[in-house]
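The values are calculated or read from the model by the stated rules, or taken from the named source; none is laboratory data. Treat the numbers as computed from the prediction; the structure is a model and nothing was measured. Methodologically, a virtual Cβ is constructed for each residue, glycine included, from the backbone with ideal geometry; neighbour enumeration extends over all protein chains shown.
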Amino acid sequence: MGYVKACSLDELWEGDMTEVEVGEHLVLLVWPEGGEVQAFQGICPHQDIPLGEGKFDGRVLMCRAHQWTFDATTGEGINPGDCKLARYPVKVEGEAVYVKTEGVEATFAHS
C-alpha cells in the first residue's frame, strides 16, 4: 500500500493536530508552527492512550494521561527522553495530506 489521502489542509491548520485512521493505523497528524506536516502513531507508547485527546502547543505533544511529552517535529520523547513515536512518511500535494503506513509499526516504551 502506498500513500493514502489522510485529510485536507482545511482539516489541519498550522499549529494544530488531528487524528485520522489510515487503514488499520491510528495516525496523529501535526503541523508544528513554522514547520512541515508530520504523521506519528496516534497512541502514546506508554499506555495506549490516544494522543489526539492530549494537548499540542504548536511545538510539543502531551499525552493527557501521564503528561508524557514529545517533540512534534521529530517524535522524540522529551519527558521521558528515552522513548519516541513511530513516524510515518507524509507528503502534501496541493491541499491534500497523504500518509504511508506500510512498514511502520507503533513503538512502545517502558512503563
(Q) Looking only at region 69-99, count every residue that is at negative phi and in a loop (DSSP other than H, G, I, E, B) and tell me the total. (A) 11
Q) Within region 56-68, can one find any residue that is without any contact (Cβ under 8 Å) to a residue 12 or more places away in the chain, of a type outside the set (D, E, K, R) and at positive phi? A) no
Q. Which residues, taken from region 62-72, are of a type outside the set (A, V, I, L, M, F, W, C) and surrounded by 15 or more Cβ atoms within 10 Å (Cβ to Cβ)?
A. Thr69, Asp71
Q) If you go through region 37-55 one residue at a time, do you hit one that is on the phi > 0 side of the Ramachandran plot, free of Cβ contacts under 8 Å to residues at least 24 places away in the same chain and of a type in the set (Asp, Glu)? A) yes
Q. Which one of the conditions (1) at pLDDT below 95; (2) under 16 Å from Thr18 (Cβ atoms) does Glu95 fail to meet, given that it meets all the rest?
A. (1)
Q) How many residues does region 75-101 hold that are in contact with a Ser or Thr (Cβ under 8 Å, 6 or more places away or on another chain), among the small types (Gly, Ala, Ser) and crowded, with 17+ Cβ neighbours inside 10 Å? A) 2
Q.
Where the second residue is assigned to a loop (DSSP other than H, G, I, E, B) and the first is of a type in the set (D, E, K, R) and lies in region 88-111, which pairs have Cβ atoms under 6 Å and are six or more apart or on separate chains?
A. Glu95/Leu9; Lys100/Tyr3; Lys100/Pro89; Glu102/Met1
